[in-house]
Amino acid sequence: MEDDRLLNSITIRPMQESDIDAAFAIESQSYSLPWSAKSFRYELTQSPASRLFAAVDDHNEILGYIATWLIEDELHINNIAVSPPHRRRHIAAALLEHVLAGARHASAKIATLEVRRSNEAAIALYLGQGFLQTGLRPVYYQDPTDDALILSKSLIELDNNGRRRL
């Protein structure tokens, strides 16, 4: 029940410059080699391909974020992270669903990402959302060293006859 109440009380909105410090704090708690606050600022204000979203509660506290690039007809998911006290409450799934729906609306055909081979929770999230392993990048990650699984998901919706929906 608590999970349902939390999901009903969060809003997913475009990230704002005022969110950078909170996003950076979550990033630092989530990744061994985090993006810098400067990187967040660049992605938010300078990169035309970047799409960053924040999950916020009723008090506008940042609970998690997702950083993506939308280039031509491809969505690339760069980072997704949720504040440690709020993990395992479906916030990452809600963020992911939000950007996938937005990418479909923008006529993207595919979504891709890399994930640490050892990150079982993230892999389960992505597989649960219909992603499939399409490649491997050996020794992609450092600190600690790990391979990256390349996961992809078609964003083309088909009707019951297997034809693309327009």
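The values are calculated or read from the model by the stated rules, or taken from the named source; none is laboratory data. Predicted model, so just to flag it, every value in this text is computed and none were measured. Backbone-built Cβ (ideal geometry, glycine too); neighbour counts: all protein chains shown.
Taking first residues from the range 81-106 that are farther than 23 Å from Gln29 by Cα and partners that are among the hydrophobic types (A, V, I, L, M, F, W, C) and assigned to a helix (DSSP H, G or I), no Cβ contact under 8 Å between residues at least 6 apart in sequence or on separate chains turns up. Which members of the range 147-166 meet the condition of being within 30 Å of Trp35 (Cα to Cα) and either modelled with pLDDT under 90 or basic (Lys, Arg) (or both)? Listed by number, the list holds a single entry, Lys153. Ala54 satisfies every condition listed in (1) in contact with a Leu (Cβ under 6 Å, 6 or more places away or on another chain); (2) more than 21 Å from Asn119 (Cβ to Cβ) except (1). All of (1) surrounded by 18 or more Cβ atoms within 10 Å (Cβ to Cβ); (2) in contact (Cβ under 8 Å) with a residue 60 or more places away in the chain; (3) assigned to a loop (DSSP other than H, G, I, E, B) hold for Asp143 with one exception: (1).
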